[in-house]
Amino acid sequence: MAEVSIRKLNKMFDVTHVVKDVDLEIRDKEFVVLVGPSGCGKTTTLRMVAGLEAISSGQILIDDSVVNEVPPMDRDIAMVFQNYALYPHMSVAGNMAFGLKMRKFAKPEIETRIKRAAAILGIENLLERKPRQLSGGQRQRVALGRAIVRDPKVFLFDEPLSNLDAKLRVQMRVELKKLHERLGTTAIYVTHDQVEAMTLGDRVVVMKDGWVQQVGDPLELYNTPANRFVAGFIGSPAMNFIEATLGENNGTVIAEAPGLRLTLPGSLAARARTRAGRAVTLGIRPEDVHIATDRDSPEFCFDATVEVVEQLGSEILLDTRVGPATVVASVEPTMRIRSNDRLRLSLKPERLHLFDAETEAAI
Amino acid sequence: MAVTALSAAESKRLSPRLRRLEDERWLAMALLTPTAVLLGLFIAYPFFEGVLLSLSSTRVGDPGHFVGLKNFHKIWDDSIFRTTVWNTFWYTGVTTVFKLALGLWLAILLNRHFKGKAIVRAFILLPFIIPTVLSTFAWKWMFDPTFSVINWTLFQLGFITTRINWLGDPDLAMTSIIVINIWRGVPFFAITLLAGLQTISPELHEAAAIDGARPWARFWHVTWPLLMPVTLVVVLFSVIQTFADFQLVYVMTGGGPANATHLFATYAYQLGIGTGLLSEGAAISLAMFPFLFVIVVVQLLYIRRVETR
C-alpha cells in the first residue's frame, strides 16, 4: 500500500534548474515510468523521491506524509541502480540480507525472505557467490532481489536495464513486468528508452529540460501526443514531421507543403480552421503511411522519391523525399522497391497530427 | 595478412644476433639481466657482505677474522640493544596506529566536495615532500630546551611555569620523535587512503543508505572492508619504513638522552660507524631482519587473503 505524490517539485544545482514544477500523483500498485532524453531531470526526480538528493522546492509525499526531510533509510523505499551497486565484498545472500540486518530483522526471517526472493528470481544457486563472479544479468537479478526482500512501499528503478545487452534487456523487461504483476508494489522507473517505457508503464511521464511534457498511459501518448516532442519521442521509427502552411478552399482546410497538398479530415479541420494562413507542423507515423492504391482518396496522396530502403524482415522502411522533407514509410516486407524509385504514397487521414509551428503544442 | 608480411620483411633486415631475441627465452634473459645485475650489485652483495661482517671481529683499522655468532651473543647481553628493540616496536606500533587513524580521518574529510579541494589536497602532502632532515631540524628548534616555541606558547597560556626539557627526558624525547613521525607520515596515509576511497563508488553508499545503514554503519560495513586492501598495503609500507627509520632520530636526539631513543638503525650506526665496531653494528642491523621478515610475511599473507575474498 503506497501512494506517492509529487507536488511542484523543483531542483536547482547551483544555477542550473534541472527539475521544474513537476506534479505527479502515483497511485497504489501503479508502475509509472519517467522517460526522456539524458539531462531531462528524470533521474534527479527519482533521486529526490529516494531522498538521495535534497529538494529545492515543492513536496514529496509517500502515503500522505511529507518526506522532504526524511532520510532515505526511513522512507521505506528500495532502489535498483543502473550499475547495480552490489556490495562487492559480500556474497549474494549477504547483499540481500544487508538491508534486513540493518533493520534488525531476526535471522530466520531474513533467511526465509532471501529464499523466497531467490526463488522468484531463479538465483537460488548463486547465493554464496560474490558479485564479481556473476554475469550482468545475474547481477541485475541480485539487485532486484535486494529490493524485493525488503518488501518496501515503493520500488525505484534507475535505468536498471541499460547495462545489459539488447537480448537480455528484452528478457529482463518481460520479467520485470511479471514481477510487478506478482508483487504489486508501487514502482517508479526511470529510462531513456521509449520502448521500455511503453512496454512497462501503466502510465508514462515524458520529460524534457526538467519539464513534464505529458503524462498518460502508453497508448494515449502514442495516439494523442500533447506536443511535437512527445510525438517524436514516443514510437519507433519516429514520427515524420513536415513543415506546412494551412489554407482554406471551399470550406475545407488544406495543409500545403512543397510537393504535398492534403485535405484535413473533419475533426482536425475543425480545430485548425482558425489558423488559416499560419505555419504548422504536420505529423504522421511511418506505420500510417503506405503505398497508394486505387482505393485511396487522391486528397491524401502525394508523390515521393525513394532514397533508402531499410529491409527489417518484418517490414520495410522507406526513406523517401517529398519536396524538401523526408518521409519514412513502413511497408509490407514483400514489396520490391529500390532506391530512386518514384512512388505515390498515401496516408491515413485520421492518423494525421498537427502541431503549432511555434509552440509545438498539438492542435 | 599485411601485418605478418610486414613483420616477416622486417625481421629479415635484422642481424642474426638480434633475430635470436625472437626466441622468448633469449628475450626474457635480455630483459631481466639489467635488473638482476642492479639488484645483485646493490642489494644482494651488500647484504651478503653485511652477513659476513656480522660474523667477524672487524673494527676500524682491524680487518678481523671469523668469530661465528659471537657478535650476536654480545648484543643479546647488551642492555642498550634490548632498549633499542623495545623502542623500535613501541615507536613503530604507536606511530602506525596514530598515522592510520589520523590519515583515515583526513582522507574521509578530503573525500568530500568543497571549494579549494585540489589545493588543500596538495598542501596536505607538504610534510611528506619536505626532506625529512630539513623538517626534523625545524622540529628540533620547536623542541629546543631554551628556544622551544612550544614551551613559549604553553608558558604564555599559563599551562606551565618552568621549561619542559622535551629532548632531555627519556620519555618526553620518545614522545617527541613519535609526534614528529606521525606528523610526517599522516600525509602518506591520507593521500593513499583517499585514492582508495575514491575507487569506492558513491552508489554503494547510496544503496547502503537506502538499505537502512546510518553513517557509522555505512563506514563500518561498506567503506572499511572495501578500503582494507589499500589500508593493508599502506600499513605494510609504513611499518617497514618506520621500523628502519634513521634520519628522524639521528637528527632529533642522536639516540639520546642516555641511549633512550635508539632505534635499530641509529644504534647500529652509532656502534658501527661512531664507535668503529663495524662487525657489531652489522650484527645489530641484521637483527632487524628477522623481525621485519615476520611482520612482512604476516601482512602479505593477510593481504592475499583479503584480496581473494
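Every read-out reported here was derived from the displayed coordinates using simple, explicitly stated rules and does not represent laboratory data. Computed from a prediction, not measured in an experiment: that's the story for all the values here. Cβ: placed from backbone, ideal geometry, glycine included. Neighbour counts: every protein chain shown.
Hey, how much of the P(r) for the range A:1-113 falls beyond 19 Å, as a percent of Cα pairs? Walk me through the numbers before you get to the answer.
Values: 3460 of 6328 pairs.
Roughly 55 percent, once rounded to a whole number.
Would you mind checking the tilt of helix A:166-183 against the longest principal axis of the Cα atoms of chain A, expressed as 0 to 90 degrees and rounded to 10?
Compared with the principal axis, the helix lies near 60 degrees.
To the nearest 20 debye, what charge dipole does chain A have about its Cα centre, counting +1 at the Cβ of each Lys and Arg and -1 at the Cβ of each Asp and Glu? Show your work: numbers first, answer last.
Values: 47 positive and 48 negative charges, 267 e Å.
Dipole magnitude for chain A comes out near 1280 debye.
Which of the lysines could a cross-linker span from A:K208 if the Cα-Cα distance has to be under 17 Å and same-chain partners fewer than 8 positions apart are dropped?
Reachable lysines: A:K8, A:K11, A:K20, A:K42.
Taking +1 at the Cβ of each Lys and Arg and -1 at the Cβ of each Asp and Glu, which of A:S5, A:I120, A:V18 sits farthest along the dipole of the range A:1-147 towards its positive end, judged by Cα position relative to the Cα centre?
Result: A:I120, furthest along the dipole toward the positive end.
In the range B:109-158, which chymotrypsin sites (Phe, Trp or Tyr not before Pro) are in a loop and have at most 13 other Cβ atoms within 10 Å, using DSSP for the loop call? Display every interim value, and only then the final one.
On the way: sites: B:F114, B:F123, B:F128, B:F137, B:W139, B:W141, B:F143, B:F147, B:W152, B:F155; in loops: B:F114, B:F143, B:F147.
Here the chymotrypsin sites (Phe, Trp or Tyr not before Pro) that fit, given the DSSP loop and packing criteria, are B:F114, B:F147.
Summing -39500 (n - 2.57) over the DSSP H runs of n ≥ 4 in chain B and dividing by its residue number, what mean residue ellipticity at 222 nm do you reach, to the nearest 500 deg cm²/dmol? Mind dumping the intermediate values first?
Values: 17 runs with 216 residues, N = 309.
My calculation for chain B gives -22000 deg cm²/dmol from helical runs alone.
Name the lysines eligible as straight-distance cross-link partners of A:K115: C-alpha to C-alpha under 28 Å, and not fewer than 8 places from it in the same chain.
Partners within reach: A:K29, A:K101, A:K104, A:K107, A:K130, A:K153, A:K167, A:K177, A:K178.
Across 10 Å bins from the origin, how do the percents of Cα pairs in chain A run, short distances first?
It works out to 5, 21, 25, 21, 15, 9, 4, 0, 0, in whole percents.
Just going by the charge dipole of the range A:240-356, with Lys and Arg at +1 and Asp and Glu at -1 on Cβ, which of A:G247, A:S339, A:L282 is farthest out on the positive end?
Value computed over the given set: A:G247.
Would you calculate a helix-derived [θ] at 222 nm for chain A, using -39,500 (n - 2.57) for each DSSP H run of n ≥ 4 and dividing by the full residue count, to the nearest 500? Write down the numbers at each step before the final one.
Values: 9 runs with 94 residues, N = 363.
That calculation yields -7500 deg cm²/dmol at 222 nm.
Considering only DSSP beta bridges whose two residues both sit in chain A, what percent are antiparallel, to the nearest 5?
On the way: 61 of 79 bridges.
Among the beta bridges of chain A, antiparallel pairing accounts for roughly 75 percent.
To the nearest 20 debye, what charge dipole does the protein assembly as shown have about its Cα centre, counting +1 at the Cβ of each Lys and Arg and -1 at the Cβ of each Asp and Glu? Write out the running numbers ahead of the final one.
On the way: 70 positive and 65 negative charges, 315 e Å.
With only Lys, Arg, Asp and Glu charged at Cβ, the dipole is about 1520 debye.
Just flag the GluC sites (Glu not before Pro) in the range A:61-146 sitting in loop per DSSP whose Cβ has no more than 11 other Cβ atoms within 10 Å.
Numbers: sites: A:E69, A:E109, A:E111, A:E124, A:E128; in loops: A:E69, A:E128.
Here the sparse-neighbourhood loop sites are A:E69, A:E128.
Tell me the Kirkwood radius of the protein assembly as shown: reciprocal of the mean inverse pair distance over distinct alpha-carbon atoms, in Å.
Details: mean 1/r = 0.0307 Å⁻¹.
For the protein assembly as shown, the Kirkwood estimate is 32.6 Å.
Once the convex hull of the C-alpha atoms of the range B:73-307 is built, how many Å³ does it hold per residue, rounded to a whole number? Numbers along the way, then the final one.
On the way: hull volume 36.6 nm³, N = 235.
Dividing the Cα hull volume of the range B:73-307 by its residues yields 156 Å³.
Using unit Cβ charges (K, R positive; D, E negative) and no other charged atoms, how large, in debye to the nearest 20, is the dipole of chain B about its Cα centre? Before the final figure, lay out the partial values.
Values: 23 positive and 17 negative charges, 146 e Å.
Taking the Cα centre of chain B as origin, the dipole is about 700 debye.
Calculate one ³J(HN,Hα) per residue across the range A:73-90 by plugging θ = phi - 60° into the Karplus curve 6.51 cos²θ - 1.76 cosθ + 1.60, and present them in order as whole Hz with x for glycine and proline.
Per-residue couplings from phi come out as 5, 9, 8, 6, 10, 10, 10, 10, 8, 4, 9, 6, 6, 7, 6, x, 8, 10 Hz.
Roughly what angle does helix A:92-102 make with the longest principal axis of chain A, taking Cα atoms, 0 to 90 degrees, to the nearest 10?
70 degrees
Can you check how the C-alpha radius of gyration of the range A:240-356 compares to 2.2 N^0.38 Å, as a plain ratio? Can you show the working numbers first?
Working: Rg = 14.3 Å, N = 117, 2.2 N^0.38 = 13.4 Å.
Computed over Cα atoms of the range A:240-356, the ratio equals 1.06.
Of the GluC sites (Glu not before Pro) in the range A:265-363, which ones lie in a loop per DSSP and count no more than 14 other C-beta atoms within 10 Å? Present the calculation step by step, with values, prior to reporting the outcome.
On the way: sites: A:E287, A:E299, A:E307, A:E310, A:E315, A:E350, A:E358, A:E360; in loops: A:E315, A:E358, A:E360.
Qualifying residues, ordered by number: A:E358.
What's the longest uninterrupted piece of chain A once you rule out the trypsin sites (Lys or Arg not before Pro) that are loop residues per DSSP with at most 11 other Cβ within 10 Å? Could the numbers behind the result be given before it?
Values: sites that count: A:K104, A:R295, A:R336, A:R338.
Excluding the exposed sites themselves, the longest stretch runs over A:105-294.
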